[in-house]
Amino acid sequence: MHLPAKAWQSVHMANVAITYFSGRGHTRKMAQTIADALGTEDCAARLIDVMQMTQMDWQAMEAADAILFGAPTYMGSVAAEFKGFMDASSDIWSNQLWADKIAGGFSVATFPGGDKLVALQQLNTFAMQHGMIWVGQDQIGAPVDADQPGINQSGVWLGLAATTVRDKEQLISEGDIETARRFGKRIARAVRRWSV
């Protein structure tokens, strides 16, 4: 049966689990921004802090259409706390319970380069081991597109990358926040397109 797009959307509301670790609040702010953007796209988002996980969180990831993974980049790698979560998923991996789910990743570091790409590569490899379908970044900012100052400032395409700012209330630049919003909307489009 073929359903018009609006009818299909009413049949299934996409669910996205955003699993993250945040040391000083930066990664949490990115996760919340992505969740807010998903909400504007009629997607239900569940924030899961790996330091406070329950059995219900594991079940929510199994039921989700997409799982996003977020961790700060510490010493050229994902934070150890997030790596602990990755290792704890080995039974899920052996049964491929997350296979064919949409996946994506995000990281934040102190420097514009900051080896965030290494952390995103780790998250990508983790998702690939689980048989997931990775969605990267699609935003081209300045200087290539002068009308998009501050967008994708790190120039990273594998996932969402942000740089910390010294203002402890702001945590992340407005450009990186806007890039996170757009990343959330991209995930929503991918979930609608490829999930049933």
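Among the residues making up the range 66-93, those that are farther than 14 Å from residue 27 by Cα and under 16 Å from the mean Cα position of the chain (by Cα) are 66, 67, 83, 85, 86. Residue pairs whose Cβ atoms lie under 8 Å apart, separated by 6 or more positions or on different chains, with the first residue in the range 110-128 and farther than 14 Å from residue 157 by Cβ and of a type in the set (Val, Ile, Thr) and the second modelled with pLDDT under 95 and outside any helix (DSSP H, G or I), are 110/163; 110/164; 118/73; 118/76; 118/77.
Across the range 15-44, the qualifying residues are those that are modelled with pLDDT under 95 and part of a strand (DSSP E or B), and the one among them that is farthest from residue 58 (Cα to Cα) is 44.
Checked across the range 88-100, the condition of being β-branched (Val, Ile, Thr) and surrounded by fewer than 17 Cβ atoms within 10 Å (Cβ to Cβ) holds for at least one residue. Within the range 109-121, being crowded, with 21+ Cβ neighbours inside 10 Å and within 12 Å of residue 69 (Cα to Cα) holds for 119, 120. Against the test of being in contact with a Ser or Thr (Cβ under 6 Å, 6 or more places away or on another chain), surrounded by 18 or more Cβ atoms within 10 Å (Cβ to Cβ) and assigned to a helix (DSSP H, G or I), the options 161, 188, 180 yield a single qualifying residue, 180.
Quick one: how many residues across the range 147-172 are of a type in the set (Ser, Thr, Tyr) and touching an Asp or Glu at 6+ places or on another chain (Cβ under 7 Å)? Steps first, answer last, please.
Of the range 147-172, the ones of a type in the set (Ser, Thr, Tyr) are 154, 163-164.
In the following step, the residues that additionally are touching an Asp or Glu at 6+ places or on another chain (Cβ under 7 Å) were identified as 163.
Qualifying residue count, the range 147-172: 1.
For the range 164-177, what are the residues that are of a type in the set (A, V, I, L, M, F, W, C) and part of a helix (DSSP H, G or I)? Hit for the range 164-177 is 177, nothing else.
For the range 62-82, the set of residues classified as in contact (Cβ under 8 Å) with a residue 24 or more places away in the chain and over 19 Å from residue 189 (Cα atoms) consists of 62, 70, 71, 72, 73, 74, 76, 77, 78, 79, 81, 82, listed by residue number. Taking the criterion of being closer than 16 Å to residue 23 by Cβ and out of contact with any helix residue (DSSP H, G or I) (no Cβ under 6 Å at 6 or more places or on another chain), the residues of the range 83-122 that qualify are 83, 84, 110, 111, 114, 115, 116, 119.
The values are calculated or read from the model by the stated rules, or taken from the named source; none is laboratory data. Just so it is clear, the model here is predicted, and its values are computed rather than measured. Reconstructed Cβ throughout: ideal geometry from the backbone, glycine too, with neighbour counts over all protein chains shown.
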